[in-house]
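Enquirer: My structure is below; once you've seen it, I'll send some questions.
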Amino acid sequence: MQQGKIDEAETAVQKFESFWPRKIVILFGKPGAGKGTQSPKMVELLDIPQLSTGDMLREAVAKKTGPGLASKAAMEAGALVTDEIVVGIITERIKQDDCATGFILDGFPRTVAQAAALDKLLATTGDAVNSVLQLSVPDEALEERICGRCIHKASGRSYHVTTIPPASMKLGADGQPIKESMTDDETGEPLMQRADDTAAALKNRLSSYHNETVPVLEHYKDAGIVQTIDGQGSIDSVWEKLLAAMKTA
Ligand code: AP5
């Protein structure tokens, strides 16, 4: 390409980065609604990172950092971690270069106080949330999704004993998966269950969702940016619905 053309393209990119609003999307939904399942496709499409406060907190717990140690018990019980800790984590994360043109928030904000803190933080750079995409799934459908999930800790790859079983899975005489046979398709490493993926913790997670997280939708409703997507059906069909919603966001 000629130098003139290259300069022209670079100017266009700079203009785009300076004046185009950052794409700031909240992927919203109950535990097990499909946020973690659908967000990698959004990352690929929009070329912006997914910021999951749940993943960041689990990493902090594994590394035994101060915020991690302070969050461990609440997370295992399915309760919310303090607003102060999660807002602190997000504040630092969105300053990183890969968030320059936008990001997808998965699992944040989960309280009205977190939403207000996010709005305030974004306002300092002239930004605002552009879109809230709510994946809607009835409570009754979630226990099977959550209790059947297993994950590969290092990569975050997620499986499900009936819908997305690992290739290695073998069933015992009782028809249940044999734990030792559950390994990651790519690395062969053992899969694990999240400590909060139990029926008892799910009850608490749903209760926090209904009492503290649903009001976040009201918070953004007046801005006309909330869209509800039916999160039931096959994973591919949910993606098609999500894609259609993103086109009109
Ligand atoms: P977090 O990690 O955010 O958990 P969550 O919101 O409970 O969400 P999940 O990861 O369980 O659900 P998902 O929607 O991603 O489901 P997935 O796509 O994997 O938070 C964990 C904890 O951290 C919280 O409880 C809290 O303690 C703390 N925390 C995090 N953020 C916080 C915040 N902002 N403030 C305070 N505390 C915070 O799908 C689940 C399963 O269903 C998978 O097996 C999948 O294969 C399957 N599945 C997905 N889609 C379909 C489909 N269409 N059909 C059939 N199966 C499907």
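No value in this document is a laboratory result; all are computed from the given coordinates. Bear in mind the structure is a predicted one, so any value in this text is a computation, not a measurement. Here Cβ is always computed from backbone atoms with ideal geometry, including for glycine, and neighbour counts include all displayed protein chains.
Enquirer: If the reach is capped at under 15 angstrom between alpha carbons, list the aspartates and glutamates near Lys30, excluding any in the same chain fewer than eight residues apart.
Expert: Asp106, Asp139, Glu140, Glu143, Glu144, Asp196, Asp197, Glu212, Asp230
Enquirer: Turning to a different aspect of this structure: Please sort by residue number the trypsin sites (Lys or Arg not before Pro) in segment 68-138 whose DSSP state is loop and whose Cβ has at most 16 other Cβ atoms within 10 Å.
Expert: On the way: sites: Lys72, Arg93, Lys95, Arg110, Lys120; in loops: Lys95, Arg110.
In loop regions of segment 68-138 (DSSP not H, G, I, E or B), the sparsely surrounded trypsin sites (Lys or Arg not before Pro) are Lys95.
Enquirer: Another one. To check my understanding: the extent here is largest minus smallest coordinate of the Cα atoms along each principal axis. What are those three numbers for segment 93-249, in Å, largest first?
Expert: Between the extreme Cα coordinates on each principal axis of segment 93-249 lie 58, 35, 29 Å.
Enquirer: How much length would be gained if the chain were fully extended between Glu44 and Ser155, taking 0.36 nm per residue of separation minus their Cα-Cα distance, in nm to one decimal?
Expert: 38.3 nm
Enquirer: Against the longest principal axis of the chain, how steep is helix 83-93, in degrees 0 to 90 to the nearest 10, with axes from Cα atoms?
Expert: The two axes meet at around 60 degrees.
Enquirer: Given a cut-off of 27 Å, name the pairs among Lys64/Lys170; Lys41/Lys120; Lys72/Lys95; Lys153/Lys247 whose C-alpha atoms lie farther apart than that in the structure shown.
Expert: Details: Lys64/Lys170 34 Å; Lys41/Lys120 29 Å; Lys72/Lys95 25 Å; Lys153/Lys247 33 Å.
With Cα atoms farther than 27 Å apart: Lys64/Lys170; Lys41/Lys120; Lys153/Lys247.
Enquirer: When only C-alpha pairs under 8 Å and at least 6 residues apart count, what is the relative contact order of segment 169-244, in percent?
Expert: In percent, rounded to a whole number, it is 11.
Enquirer: Pulled fully out, how much extra length does the chain show between Lys64 and Gln176, if you take 0.36 nm times their separation in residues and subtract their Cα-Cα distance?
Expert: Fully extending the segment from Lys64 to Gln176 adds 37.0 nm.
Enquirer: Could you name the aspartates and glutamates in cross-link range of Lys179, using Cα to Cα under 14 Å and dropping any fewer than eight places away on the same chain?
Expert: Glu189
Enquirer: Something else now. So what's the angle, to the nearest 10 degrees on a 0 to 90 scale, between helix 235-248 and the longest Cα principal axis of the chain?
Expert: Taking Cα atoms only, the helix is inclined about 20 degrees.
Enquirer: Cross-link candidates for Lys5: which lysines have Cα within less than 29 Å, leaving aside residues fewer than 8 places away along the same chain?
Expert: Answer for Lys5, where 29 Å is the Cα cut-off: Lys15, Lys23, listed by chain and number.
Enquirer: Mind checking the full-extension length gain between Lys120 and His210? Use 0.36 nm per residue of separation minus the Cα-Cα distance, one decimal, nm.
Expert: Stretched fully, the Lys120-His210 segment lengthens by 30.0 nm.
Enquirer: With an 8 Å Cα cut-off and a minimum separation of 6 or more residues, compute the relative contact order for segment 39-177 in percent.
Expert: Reported relative contact order: 18 percent.
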